[in-house]
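Since the structure comes first, as structure tokens, the remarks are kept for the end.
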Amino acid sequence: LQLESKLRQAVRDGSFVLHYQKKVDYPSCRVIGLEALVRWQDPDEGLISPGRFIPLAEETGLIIPLGEWVMESACRQAVLWRQAGFSGLQVSVNLSARQFKQPDLAERVAELLTRTGLPPQCLELELTESILMEDMDGAVTTLKQLKEIGVMLSVDDFGTGYSSLSYLKKFPIDTLKIDRSFVKDLPEDEDSCAITASIIALARSLKLNIVAEGVETEAQLEFLDRLDCHQIQGFLFGRPTPADRIDELFLRRG
Ligand code: G
Ligand code: G
Ligand code: MN
Ligand code: NA
């Protein structure tokens, strides 16, 4: 309860910050997108990672105002980056189950895009596989509404949520993100290699874009490259960092 009231206060005060992690095209190493990851700035504890408060935010409903703040901040930041000349950039935002279930989610997203002036195709919403599988018919409806607006949709942590493959075809999604639990043991572990290769093949046959997350080593990168998986996210290319550090990176690379 104490944490809950602290979190409630933090949502009121806006005591959060977004860090951004690069998604790069390999081997060009061009930055194609940035995933926004929220942190709680607590005066006593410093930066608190989302793993420690997102579940509570979800449980208490605080995820709704917090999630709106995340989406709006990420869109505003994306507009700034576009104005600075990095127009191809896409920003990704993670949605929680409760956010995804809001009946007026699509309207809220549309309104947010209008308010911030971000073109819809520059915003990607990440939904975990388990969120989508919870109510597959409901998910199809919501995804279609979102797709009508023109935002990009990806399935996060893919491979961990017991997807119904027949439903995957009905979801109007753009991208599968291979969960880092499979990437972690590449290329030594045969099962991880087989699963990764199957996910990539599945994505290709469904004409979906594929992103590998959690890439930490050259050996993992090489394995993915051989399977023609070219969109990479992970510590090898960068940890989540504050927006001003991303600015520096763009300035350096042009
Ligand atoms: O950044 P970190 O590795 O600590 O993130 C831990 C988890 O928190 C990840 O699963 C990530 O998707 C989730 N997360 C980070 N930011 C957000 C957010 O803004 N909203 C939601 N719903 N989840 C987030
Ligand atoms: O669930 P989601 O994919 O949104 O989780 C994103 C989280 O994964 C972030 O908190 C980020 O810090 C973490 N992450 C990103 N890249 C790597 C990586 O290469 N290794 C590890 N261990 N974690 C990563
Ligand atoms: Mn994610
Ligand atoms: Na993920």
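Any read-out appearing in this document is the output of simple, stated calculations on the displayed coordinates, not a laboratory observation. Bear in mind the structure is a predicted one, so any value in this text is a computation, not a measurement. All Cβ positions, glycine included, derive from the backbone under ideal geometry; neighbour counts span all protein chains shown.
Values for this structure:
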read-out: Lone unmet requirement of (1) away from ligand 1 (no atom under 14 Å from the Cβ); (2) within 20 Å of residue 214 (Cα to Cα); (3) of a type outside the set (Val, Ile, Thr); (4) in contact (Cβ under 8 Å) with a residue 24 or more places away in the chain for residue 21; value: (1)
read-out: Residues of segment 122-152 satisfying the condition of being free of Cβ contacts under 8 Å to residues at least 60 places away in the same chain, under 14 Å from the mean Cα position of the chain (by Cα) and either farther than 14 Å from residue 95 by Cβ or away from ligand 1 (no atom under 15 Å from the Cβ) (or both); value: 122, 151
read-out: Members of segment 95-117 found to be closer than 25 Å to residue 80 by Cβ, crowded, with 21+ Cβ neighbours inside 10 Å and either aromatic (Phe, Trp, Tyr) or touching a strand residue (DSSP E or B) at 6+ places or on another chain (Cβ under 8 Å) (or both), listed by number; value: 95, 109
read-out: Single match in 165, 125 (criterion: surrounded by 18 or more Cβ atoms within 10 Å (Cβ to Cβ) and not hydroxyl-bearing (Ser, Thr, Tyr)); value: 125
read-out: Candidates 41, 77, 21, filtered to the one that is surrounded by 12 or more Cβ atoms within 10 Å (Cβ to Cβ) and closer than 22 Å to residue 108 by Cα; value: 77
read-out: Index of the failed condition, residue 10 passing every other in (1) surrounded by 12 or more Cβ atoms within 10 Å (Cβ to Cβ); (2) within 16 Å of ligand 2 (Cβ to nearest atom); (3) among the small types (Gly, Ala, Ser); value: (2)
read-out: Helices (runs of 4 or more DSSP H) wholly inside segment 163-254 containing at least 2 residues that are more than 15 Å from ligand 1 (Cβ to nearest atom) and within 25 Å of residue 123 (Cβ to Cβ); value: 165-170, 190-205, 243-253
read-out: Flag if residue 113 is hydrophobic (A, V, I, L, M, F, W, C), free of Cβ contacts under 8 Å to residues at least 40 places away in the same chain and outside any helix (DSSP H, G or I); value: no
read-out: Qualifying residue in segment 31-51 (condition: within 18 Å of the chain's Cα centre (by Cα) and part of a loop (DSSP other than H, G, I, E, B)); value: yes
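Here is a yes/no grid of residues against (1) more than 25 Å from residue 120 (Cβ to Cβ); (2) within 16 Å of ligand 3 (Cβ to nearest atom); (3) among the hydroxyl-bearing types (Ser, Thr, Tyr):
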site: 10; (1), (2), (3): yes, no, no
site: 14; (1), (2), (3): yes, no, no
site: 19; (1), (2), (3): no, yes, no
site: 33; (1), (2), (3): no, yes, no
site: 38; (1), (2), (3): no, yes, no
site: 41; (1), (2), (3): yes, no, no
site: 48; (1), (2), (3): yes, no, no
site: 58; (1), (2), (3): yes, yes, no
